[in-house]
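The values are calculated or read from the model by the stated rules, or taken from the named source; none is laboratory data. This one's a predicted model, so the numbers in the text were calculated from it and none came from an experiment. Cβ coordinates were reconstructed from backbone atoms using ideal geometry, including for glycine residues, and neighbour counts include every protein chain displayed.
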Amino acid sequence: MFDFVYTNSKKGIDKIKNNPQLFYTILVAILIVASFIFVAERFVSIANDAGDRLINVRVGSIQDSFVSFAGDKINDPEYLNKKIVEIVGSNETIKNFRIVVKNEVVDENSDIKENQYIIIASNEIGQMGKVDSQADFLYTLASGDSNHSLTLQIEGDNERLFQTARAIKDESGNILAVVMTTQTLSQADQIINENIRNSLILLVFIIVLILFLFLRLSKIIDYMGLYKKLKEVDQLKDDFISMASHELRTPLSVIRGYVEFITDAKELSQETKDYAVKIDTSAKDLDNLVSEILDVSRIQQGRMSYKFEKIDIDEIVGEIVQSFTIPAKDKKLAISYDKSKISSKIFVIADKSRLKQVFVNFIGNAVKYTKAGEVKVALYQENSKIYVRISDTGIGMSAEEQKRLFEKFYRIRSRETEDIRGTGLGLWITAQIVQEMKGKITVESIKNVGSHFIVSFPIIS
């Protein structure tokens, strides 16, 4: 048994030595427990003091209120007794409430004067008229400071007690009697003990939880190591994608160069030239795919570079609209650009090439997904923002499709889109770029009617 404990203890110590994170975790756990114990002790002490002060202040205020009228009724014990009974009945902590007067008694044998303290009113039946043998000290204290309630703490039968005294004076300031109360702290102590018990239960729970976490910590550390390795693998994957994308672009450029040479050759048949055009289209699609994959990799790695500058947005949008004039004409679509609501140049802070990429994507999609009708692009200003609205009469989208539109790899699957090429990456990339340039994208669409894409950017002066 001893060998078993020793072996496992040694393994545990070795694991702590080899894992600094584990050591610091144990240290933090110890500090948490120690701090909790310290705070709990301070809480108990403060709670005790606060409870004592609360009871003292409450009873003191009761005495102050009682003294305010007791002087005028000092000769009416029945009235005073009735009031005392009412007060005690509504305050559970008060065990005894009495009024004591001092009488000087002369011993006939020795002519020595002695003070006797007679109870003239009390909540306890049968005390009136009796001598209070314990009142001497309290009476003397209250007489010395007749304007305040004075309190002493005593130990009763298995409980703590407060004895409080306050002088009753006449209009001339002479002391007529002294109000004395005895109140228990048992209720306050009970509450404090319950709090202590609950705190101890919580402490035990925390210690058990820490022990459980300690037992699980070794596995967590193993998981951390595995996570680190996965991150390294993920980084290698991203690096490979980036390298492969760059390497693919070179042969694609060569292919497109040869295709251009073939299409310009006069001695080739039209059929051959048509095949060359299809090759060029496929190469162009592949080049776009490589670009999108490269952009995705850059965004995920945080390597997407931006060169922010002051840009005339009208110039950019107008250029992109013009570039889609021929593709729109080939599809017999009308394409227009309305900037009549802009009276002067509007500038934004953006990356020029990335801004072009945004509008190429939006306007290109509008042309791509519109089989008949028109594509309208409008530029307008509202307050401190510039808006670019791209409207089409295309296939439109349902509400559910709009929610997923900017998800990575998401494409609308329908009979109308089955012959349209795409990766589902373009809009995701576009959304990331717009966000990086402090812009916002809004989509409005009706199925089989058309769509409106609104892109906004802050204006700079």
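Side notes on the structure shown:
- Some residue of the range 344-357 being surrounded by fewer than 17 Cβ atoms within 10 Å (Cβ to Cβ), under 21 Å from SER456 (Cα atoms) and of a type in the set (Asp, Glu): no
- Test: residue in the range 256-273 that is in contact with an Asp or Glu (Cβ under 8 Å, 6 or more places away or on another chain), surrounded by 16 or more Cβ atoms within 10 Å (Cβ to Cβ) and of a type in the set (Lys, Arg): yes
- Residues of the range 397-419 that turn out to be over 19 Å from VAL360 (Cβ atoms) and crowded, with 17+ Cβ neighbours inside 10 Å, as a count: 3
- Selection from the range 428-461 of residues that are hydrophobic (A, V, I, L, M, F, W, C) and either part of a strand (DSSP E or B) or more than 20 Å from VAL296 (Cα to Cα) (or both): ILE441, VAL443, ILE446, VAL449, PHE453, ILE454, VAL455, PHE457, ILE459, ILE460
- Hits in the range 377-407 (condition: touching a Gly at 6+ places or on another chain (Cβ under 6 Å) and either in a strand (DSSP E or B) or charged (D, E, K, R) (or both)): ASP392
- Filtered residues of the range 147-173 (kept if over 21 Å from PRO77 (Cα atoms), surrounded by 13 or more Cβ atoms within 10 Å (Cβ to Cβ) and among the polar types (S, T, N, Q)): SER149, THR151, GLN163
- Test for GLY422: is it modelled with pLDDT under 90 and either surrounded by 14 or more Cβ atoms within 10 Å (Cβ to Cβ) or not hydrophobic (A, V, I, L, M, F, W, C) (or both): yes
- Restricted to the range 305-328, and to residues there that are among the aliphatic types (A, V, I, L, M) and crowded, with 18+ Cβ neighbours inside 10 Å, the residue that is farthest from the chain's Cα centre (by Cα) is ALA328.
- For the range 368-376, the criterion of being assigned to a loop (DSSP other than H, G, I, E, B), closer than 24 Å to SER291 by Cβ and not β-branched (Val, Ile, Thr) is satisfied by at least one residue.
- The residues listed here are LYS331, LYS376; of these, the one that is farther than 23 Å from SER461 by Cβ, more than 42 Å from the chain's Cα centre (by Cα) and modelled with pLDDT of 95 or more is LYS376.
- Of all positions in the range 267-274, at least one carries a residue that is modelled with pLDDT under 75, more than 30 Å from ALA431 (Cα to Cα) and not in a loop (DSSP other than H, G, I, E, B).
- Selection from the range 294-338 of residues that are aliphatic (A, V, I, L, M), in contact (Cβ under 8 Å) with a residue 60 or more places away in the chain and assigned to a loop (DSSP other than H, G, I, E, B): MET304
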